[in-house]
Every structure is written in structure tokens, then in C-alpha cells.
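Trainee: Provided herewith is a single structure, encoded as C-alpha cells, for subsequent inquiry.
The values are calculated or read from the model by the stated rules, or taken from the named source; none is laboratory data. Everything numeric in this text was worked out from a predicted model, so none of it was measured. Every residue, glycine among them, receives a Cβ derived from its backbone with ideal geometry; neighbour counts consider all protein chains shown. Accessible surface is based on the protein model in full, side chains and every heavy atom, while ligands, DNA and RNA are left aside. Shrake-Rupley method; radii C 1.70, N 1.55, O 1.52, S 1.80 Å.
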Amino acid sequence: MEPDIIQEFEILETGSKFISKNANQFGEKYQKKFIAVHGEKLVAVDDKFDEVLIKLKEKKLNPSFVIIEYIPGKGEIVLY
């Protein structure tokens with residue numbers, strides 16, 4: 001693998017840990033919203049997935065290397 005790809009996978013892993021560590025805070029603050037995390041940084045939040053993608057494009061971030069999660073509202077069940 002190329003060094004850039006390895007670095008991006010490490011950023012994804014860091015982002016995943018960041019989301020887990022802050023799950024309660026995100027759950028309270030961003031109910032019914034999509035969040036995008038790159039490394040240990042929240043880079044976009046919006047009600048609409050498409051708008052999150054637009055914000056990532058504006059920041060010149062490749063969505064393939066950003067974790068995008070939907071934060072359900074209280075009592076809401078999301079099936080994957």
C-alpha cells in the first residue's frame with residue numbers, strides 16, 4: 001500500500017475511536033443529524049447527508065476517508 005493510503009486508514013481508525021469516546025456527547029448534541037469525523041475532528045454536521053457531502057467537498061476532504069454517522073433521536077431505532 002502507498003504511504004498516503006496507510007495514513008488515511010490510520011485517520012479512519014482514529015476517527016472511529018473518537019466517535020466511540022464521544023458517543024454520549026454526540027448523542028445529546030447532534031440528535032437526528034449526520035456528523036462527519038476526520039481523525040479527532042468533527043468536520044461537518046447537518047440534517048441532510050447530501051449537505052454533509054457538500055461541506056466535505058468545500059473543505060477538500062475525500063468522503064471515502066471521513067467517517068459519516070447518523071445520530072438517532074431519543075427512542076429512534078436505526079437498522080444497518
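Trainee: Which far-off residues, 5 or more places away or on another chain, put their amide H under 5 Å from the one on A44, with H placed in the peptide plane?
Mentor: Distant-sequence amide H within range of A44: A36.
Trainee: I've got another one for you. Using only the alpha-carbon atoms, how far is helix 3-21 inclined from the longest principal axis of the chain? Give it as 0 to 90 degrees, nearest 10.
Mentor: With rounding to tens, the tilt is 20 degrees.
Trainee: Now a separate question. Highest GNM mean-square fluctuation, the chain, Cα pairs closer than 10 Å: which of I35, I54, I67?
Mentor: Residue with maximal mean-square fluctuation among I35, I54, I67: I54.
Trainee: Scanning the chain for GluC sites (Glu not before Pro) in DSSP loops with at most 16 other Cβ atoms within 10 Å, what's the longest stretch left with none? Display every interim value, and only then the final one.
Mentor: Details: sites that count: E40, E76.
My reading of the result: 1-39 is the longest stretch.
Trainee: Enter the per residue convex hull volume of the chain, computed from alpha-carbon coordinates, in Å³ rounded to the nearest integer.
Mentor: Per residue, the Cα convex hull of the chain comes to 96 Å³.
Trainee: Then there's this: Accessible area per residue, 1.4 Å probe, Å², for the chain: what's the number?
Mentor: Value returned for the chain: 73 Å² of accessible area per residue.
Trainee: While we're looking at this one, here's another question. Given DSSP loops and a limit of at most 14 other Cβ atoms within 10 Å, what is the longest stretch of the chain that contains no such trypsin sites (Lys or Arg not before Pro)?
Mentor: 1-31
Trainee: Okay, next question. Whole-Hz ³J(HN,Hα) for each residue in segment 33-47, computed from phi via Karplus 6.51 cos²θ - 1.76 cosθ + 1.60 with θ = phi - 60°, x for glycine and proline: what do you get?
Mentor: Karplus-based 3J(HN,Hα) across segment 33-47 equals 10, 9, 10, 10, 10, 10, x, 9, 9, 7, 9, 7, 9, 6, 6 Hz.
Trainee: Looking at segment 8-39, which chymotrypsin sites (Phe, Trp or Tyr not before Pro) are DSSP coil and have at most 15 other C-beta atoms within 10 Å of their C-beta?
Mentor: Nothing satisfies the criteria.
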